[in-house]
Amino acid sequence: MTQLLRAKITALGTYVPPRLLTNADLEKMVETNDQWILERTGIRQRHIVEKGVGTSDLAVEAAKIALAQRGISPSDLDAIIVGTVTPDMFFPSTACLVQHKLGAKNIWGFDLSAACSAFVYALQTGAQFIQTGTHKKVLVIGADVMSSIIDYTDRATCIIFGDGAGAVLLEPSQDDSVGLIDFIHEVDGSGGCFLNMPGGGSLNPSTHETVDKKMHFVHQDGGAVFKFAVRKMAEACDTLLQRNGLKGSDIQAFIPHQANQRIITATADRLGMNPESIILNIDRFGNTTAATIPLAMQTAVDEGKLHQGDLVLLASVGAGFTVGATLLRWAF
Ligand code: UT7
């Protein structure tokens, strides 16, 4: 078999809308309090869009930063993959909207739906095109406007989510010292009932009745998702580490999906990770679904915790259920 190339991340761009929704703001909207939110989730504030701003707008801002960082133009790209559960609309895909807004010519792209695991799934999907040599530059974006599907009278969900976007550029690696090493993905559709948005699709097209029943909002059984997330995030990471001959303490940057600080610390404890390797920014952004991992990559860069050659572990659990973990060496 022909030797596959290795894909590496060569640029990173992130964007969050300027408007803040703090715990104090939420105290005025639902029966909750800052102390409960902070203790149970680790969240202090989230960024949310103004009316009229869609997921493609956030994705484009993140994409522009990544392209500028690498010094390339949009038409240098071969493909754009957008992971999202909040596309601007069902179709055209957000990838088409982003391509058009960027002014990228002669490229293709598509959306990928895997909820909170969408970024790691899109990353590996993009990497396949690099590894086979058919593509040289793939832009992978995780972007969500969760505020568009949240019921701000439901305290079980409205305190968790925020809006944001992150983009990474994937290119072939010239040598094996940096780049994507290995991954594990798993879906378990039996968990679909615990976290979903039941209205607006082909099964329950939007009607006055679906809107009255609030079926166009996120519905979550938080406890069930929490238990699955703690178990599966640790299990996926452990399998990935073991089969690469590594221990949790070998990881320099653990960059997990930011859904709940307690899920992250429980996973890191089970894996025996060094506390300083855990990247956390949930306090500032909340759960931005597909955007959490690139936003956390940016936090790691900003905090000086990510250097060329560092061993990085990405991990996520999300609606579906979807599970993903990626092992890589940081490339820049
Ligand atoms: O990214 C997608 C994947 N999603 C996740 O990973 C989310 C996983 N789940 C979670 O993060 C947590 O389950 C939540 C943060 C959603 C909820 O935390 P919890 O510790 O599981 O709380 P709970 O739902 O078991 O509720 C505990 C108590 C209840 O009161 P009683 O019955 O003990 O009197 C709730 O009514 O806390 C109450 N409660 C609240 N109190 C103040 C629930 N939500 C709130 C709230 N403010 N916002």
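Worth pointing out:
- Any pair with Cβ under 7 angstrom, 6 or more apart, that starts in segment 91-106 at a residue that is hydroxyl-bearing (S, T, Y) and ends at one that is open to solvent by less than 40 Å² (accessible area, probe 1.4 Å) and in a loop (DSSP other than H, G, I, E, B): T94/T84
- Top-ranked residue of segment 73-94 - restricted to ones that are of a type in the set (S, T, Y) and within 19 Å of A291 (Cβ to Cβ), ranked as nearest to the chain's Cα centre (by Cα): T84
- The single residue among G304, G320 that is small (G, A, S) and within 15 Å of the ligand (Cβ to nearest atom) turns out to be G320.
- Scanning segment 265-292 for residues that are hydrophobic (A, V, I, L, M, F, W, C) and in contact with a strand residue (DSSP E or B) (Cβ under 7 Å, 6 or more places away or on another chain) turns up A268, M273, I278, I279, F285, A290, A291.
- Hits in segment 177-205 - residues which are open to solvent by less than 60 Å² (accessible area, probe 1.4 Å) and within 13 Å of the ligand (Cβ to nearest atom): G191, G192, L195, N196
- Yes/no for L123 being touching a Ser or Thr at 6+ places or on another chain (Cβ under 7 Å) and either more than 16 Å from the ligand (Cβ to nearest atom) or more than 15 Å from A167 (Cα to Cα) (or both): yes
- A Cβ distance below 9 Å, combined with a sequence gap of six or more or placement on separate chains, defines the contacts here; from segment 199-211, residues that are at pLDDT 95 or above reach residues that are aliphatic (A, V, I, L, M) and part of a loop (DSSP other than H, G, I, E, B) in the pairs G199/M215; G200/M215; N204/M215; S206/M215; E209/M215.
- Considering segment 126-147, the residues that are within 16 Å of the ligand (Cβ to nearest atom) and in contact with an Asp or Glu (Cβ under 8 Å, 6 or more places away or on another chain) include one that is farthest from S316 (Cα to Cα), namely S147.
- Residue in segment 125-135 that is over 27 Å from P205 (Cβ atoms) and aliphatic (A, V, I, L, M) present: yes
- Residue match in segment 36-44 (condition: under 17 Å from the mean Cα position of the chain (by Cα) and in the same structural domain as G164 (by TED's automatic domain parsing)): yes
- Top-ranked residue in segment 206-245 [being part of a loop (DSSP other than H, G, I, E, B), surrounded by 16 or more Cβ atoms within 10 Å (Cβ to Cβ) and more than 16 Å from the ligand (Cβ to nearest atom); ranked as nearest to the chain's Cα centre (by Cα)]: H216
- Taken over segment 154-180, the residue count meeting the criterion of being closer than 24 Å to A63 by Cα and in contact (Cβ under 8 Å) with a residue 40 or more places away in the chain is 16.
- Subset of segment 250-278 [open to solvent by less than 50 Å² (accessible area, probe 1.4 Å) and more than 16 Å from the ligand (Cβ to nearest atom)]: I251, A253, F254, L271, G272, M273, S277, I278
The values are calculated or read from the model by the stated rules, or taken from the named source; none is laboratory data. Because the structure is predicted, anything quoted here is derived from the model rather than measured. Every residue, glycine as well, gets a Cβ built from its backbone with ideal geometry; the counts of neighbours run over all protein chains shown. Ligands, DNA and RNA are excluded from the accessible area calculation, which covers all protein heavy atoms including side chains. Shrake-Rupley method; radii C 1.70, N 1.55, O 1.52, S 1.80 Å.
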